[in-house]
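The block underneath contains the structure these notes are about, expressed in structure tokens.
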Amino acid sequence: MPSTDYLASIGLEVHVQLKTESKMFCGCAVRFGEPPNTLTCPTCLGLPGALPKLNAGAIERTVLAGQLLGCSTPEVVKWDRKNYFYPDMPKNYQISQYDLPLCLGGAVPLYELAYPKDAQKDIANPGKAVRLTRIHLEEDVAKSTHHAAFTSIDFNRAGTPLMEIVSEPDIDSPEEAVAYLNSLRQILVYSGVSDADMEKGQMRCDVNISVRPRGQEQLGTKIELKNLNSVSAVRRAIHHEIGRQIEEIEAGRPIRQATWRWNDEVGQTELMRLKEDAHDYRYFPDPDLLPVRTPAILARVREHLPELPHEKVARFESQYQITHYDASVLASDRALADWYESAAAGSPVPKKVANWVINNLLAELNGRGLGIAECPVTAPALAELVDLVESGKVSNHQGKEIFAHLFEHPGESPAAVAKAKGFEPADSGEIEGFVDQVIAANPGPVGEVKGGNDKAANFLVGQVMKLSKGKANPKQVTELVLGRIRGA
């Protein structure tokens, strides 16, 4: 049978390091890039007799994430010991949560621009939200680096507060998985819960995939994929694994529940081990940590809920009268959204400001490899420039020249740059004379305009602009040309 006769069900387990100053159960600092094994203490090294102490800030950030994603929080939560024997966890158990986690239920909305670019024009389920099972809080493990003949372990990461966000198997395709990860990251970064930088290991993902024949209600046997270090790797791995499972089923070989790793160099999955179940970890309540009552925590968190990306998109559309697409682009990054609002707040034409940000500013920043935080042009300067163009004091072409100048000379005023470059608006009487001259010299295009072809006026406008040496405002010239011809 062809692959279209099968359905894939995909669930993700996303581990996210919280943005805290200290670790989950001790006072060691959380910092990236420090010399190995320098941010440690007896607690995060798992030495005998060391006792854990809860990080209140990590608990609040997890509850905040849950509130933003529509989760509920039990009135009482607790921590459990998850027993397993790996060199990255020397005490041979991880402090985690089992039956009473901080967050239950909820969902992640899939934003349109979170899909891969090549899939945004053909989204199978617009407006879809992927249900969550739970979000629990635990400690991260040490970082293992595998060399040719040995493995080194860095305990700086051990004990970092780590959320595990577990989805239901609601994802139908690799493209939806990409949208889920990008949308989730956007929400977490927006709220300040995490920087969620996959390159720094602050956001890591395991994928659960099962395949079944179309029409079969029961899900197929689940395979877990590990070693996924980027969103693009997740997409490639899921595509490959779906194809592999279909081949196994069609060959009559049963799928066994197991954990596989993704080998990105060769583009295929490889068997690691048969999958453990919950009972294999022998969960039991951690005797060193008391349960926590959550009502007061919830009350504090609800006082400071930030505006979410989709909420900001709706407000931008309404407040600044911009398109849904433009609002989505501007709201896709919180720093960019804040920058745009700074520029639009004092502008009479916020829609034009949005056009300049999306079509000019972002293109220039991307070309230079800069982020909005590194932008040499200030938001007030762009607002002033847009106002100069829209008021007719400089032409659009001149505005772009001023814009380029501002990138090389930060801090200068657009009006001062315009004056220094001699971009004074042409005399209105002089422009009218140019229009009359061009109309008299070009009866062909004039006849086309009279016949109803307004596009023919573009040639006439261009001739006027040449005569004015670019000082005239193209919009005003167009209106003048059409008015002269229609009134003749």
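The values are calculated or read from the model by the stated rules, or taken from the named source; none is laboratory data. Quantities reported herein were computed from a predicted structural model and do not represent experimental measurements. Every residue, glycine as well, gets a Cβ built from its backbone with ideal geometry; the counts of neighbours run over all protein chains shown. All accessible areas refer to the heavy atoms of the entire protein, side chains included, with ligands and DNA or RNA removed. Shrake-Rupley method; radii C 1.70, N 1.55, O 1.52, S 1.80 Å.
The helices (runs of 4 or more DSSP H) located wholly in the stretch 221-338 that include 2 or more residues which are hydroxyl-bearing (Ser, Thr, Tyr) occupy 309-320, 324-331. Look at (1) on the phi > 0 side of the Ramachandran plot; (2) in contact with a Cys (Cβ under 6 Å, 6 or more places away or on another chain); (3) of a type outside the set (Lys, Arg) and you find that residue 44 fails only one, number (1). The residues of the stretch 107-124 that are open to solvent by 20 Å² or more (accessible area, probe 1.4 Å), under 21 Å from residue 166 (Cα atoms) and either part of a helix (DSSP H, G or I) or without any contact (Cβ under 8 Å) to a residue 60 or more places away in the chain (or both) amount to a single one, 107. When residue 440 is tested against (1) without any contact (Cβ under 8 Å) to a residue 12 or more places away in the chain; (2) of a type in the set (Gly, Ala, Ser); (3) under 22 Å from residue 394 (Cβ atoms), exactly one condition is not met: (3). Which of the residues spanning the stretch 311-326 are open to solvent by 80 Å² or more (accessible area, probe 1.4 Å) and under 18 Å from the mean Cα position of the chain (by Cα)? Result: 311, 324, 325.
Anything in the stretch 47-70 that is open to solvent by 20 Å² or more (accessible area, probe 1.4 Å) and within 21 Å of the chain's Cα centre (by Cα)? List them, or say none. 61, 64, 67, 68, 70 - these are the residues of the stretch 47-70 that are open to solvent by 20 Å² or more (accessible area, probe 1.4 Å) and within 21 Å of the chain's Cα centre (by Cα). Residue selection: residue 132 fails the criterion of being in contact with a helix residue (DSSP H, G or I) (Cβ under 7 Å, 6 or more places away or on another chain) and in contact (Cβ under 8 Å) with a residue 40 or more places away in the chain. Checking each residue in the stretch 17-46 for being surrounded by 19 or more Cβ atoms within 10 Å (Cβ to Cβ) and at pLDDT below 95 picks out only 44.
A quick yes/no check of all residues on (1) in contact (Cβ under 8 Å) with a residue 24 or more places away in the chain; (2) part of a loop (DSSP other than H, G, I, E, B); (3) under 22 Å from residue 192 (Cβ atoms); (4) among the hydrophobic types (A, V, I, L, M, F, W, C):
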{"site": "54", "(1), (2), (3), (4)": "yes, yes, yes, yes"}
{"site": "59", "(1), (2), (3), (4)": "yes, no, yes, yes"}
{"site": "66", "(1), (2), (3), (4)": "yes, no, yes, no"}
{"site": "70", "(1), (2), (3), (4)": "yes, yes, yes, no"}
{"site": "74", "(1), (2), (3), (4)": "yes, yes, no, no"}
{"site": "82", "(1), (2), (3), (4)": "yes, no, no, no"}
{"site": "87", "(1), (2), (3), (4)": "yes, yes, no, no"}
{"site": "90", "(1), (2), (3), (4)": "yes, yes, no, no"}
{"site": "94", "(1), (2), (3), (4)": "yes, no, no, no"}
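Figure legend. Inter-residue proximity from the stretch 17-39: first residues free of Cβ contacts under 8 Å to residues at least 24 places away in the same chain, second residues among the aromatic types (Phe, Trp, Tyr) and surrounded by fewer than 19 Cβ atoms within 10 Å (Cβ to Cβ), beta-carbon distance below 6 Å, spacing 6+ or different chains. No pairs are indicated. Inside the stretch 328-367, residues that are among the small types (Gly, Ala, Ser), in contact (Cβ under 8 Å) with a residue 24 or more places away in the chain and in contact with a Lys or Arg (Cβ under 9 Å, 6 or more places away or on another chain) make up a count of 2. Scoring residue 337 on the criteria (1) within 23 Å of the chain's Cα centre (by Cα); (2) surrounded by fewer than 12 Cβ atoms within 10 Å (Cβ to Cβ) leaves a single failure, condition (2).
Yes or no, residue by residue, for (1) small (Gly, Ala, Ser); (2) at positive phi; (3) out of contact with any Cys (no Cβ under 7 Å at 6 or more places or on another chain):
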residue: 6; (1), (2), (3): no, no, yes
residue: 16; (1), (2), (3): no, no, yes
residue: 22; (1), (2), (3): yes, no, no
residue: 40; (1), (2), (3): no, no, no
residue: 57; (1), (2), (3): yes, no, yes
residue: 71; (1), (2), (3): no, no, no
residue: 81; (1), (2), (3): no, no, yes
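I'd like to know if the stretch 415-424 contains one or more residues that are β-branched (Val, Ile, Thr), without any contact (Cβ under 8 Å) to a residue 40 or more places away in the chain and assigned to a helix (DSSP H, G or I). Looking through the stretch 415-424, at least one residue is β-branched (Val, Ile, Thr), without any contact (Cβ under 8 Å) to a residue 40 or more places away in the chain and assigned to a helix (DSSP H, G or I). If you go through the stretch 425-444 and keep only what is open to solvent by less than 50 Å² (accessible area, probe 1.4 Å) and modelled with pLDDT of 85 or more, you end up with 433, 434, 435, 438, 439, 442, 444. Within the stretch 164-182, the set of residues being farther than 16 Å from residue 124 by Cβ and of a type in the set (Gly, Ala, Ser) comprises just one member, 167. The set of residues from the stretch 85-106 being open to solvent by 30 Å² or more (accessible area, probe 1.4 Å) and out of contact with any Asp or Glu (no Cβ under 7 Å at 6 or more places or on another chain) comprises 85, 86, 87, 88, 90, 91, 92, 93, 99, 100, 104. Within the stretch 457-483, residues that are part of a loop (DSSP other than H, G, I, E, B) have Cβ atoms under 9 Å from residues that are among the aromatic types (Phe, Trp, Tyr) in these pairs: 468/434; 470/423; 471/423; 472/434, counting only partners at least 6 apart in sequence or on another chain. Screening residue 220 on (1) open to solvent by 60 Å² or more (accessible area, probe 1.4 Å); (2) under 21 Å from residue 4 (Cα atoms); (3) not β-branched (Val, Ile, Thr) shows it passes everything except condition (1).
Checking 417, 449 one by one, the residue that is of a type outside the set (D, E, K, R) and touching a His at 6+ places or on another chain (Cβ under 7 Å) is 417 and no other. Within the stretch 283-296, residues that are among the basic types (Lys, Arg) reach partners that are in a loop (DSSP other than H, G, I, E, B) and open to solvent by 80 Å² or more (accessible area, probe 1.4 Å) with beta carbons closer than 8 Å, at six or more positions or on different chains, in the pairs 293/75.
Pairing each residue of the stretch 142-156 that is open to solvent by 50 Å² or more (accessible area, probe 1.4 Å) with any residue that is hydrophobic (A, V, I, L, M, F, W, C), provided the two are 6+ apart or on different chains, yields C-beta distances under 9 Å for 143/153; 143/155; 143/158; 145/153.
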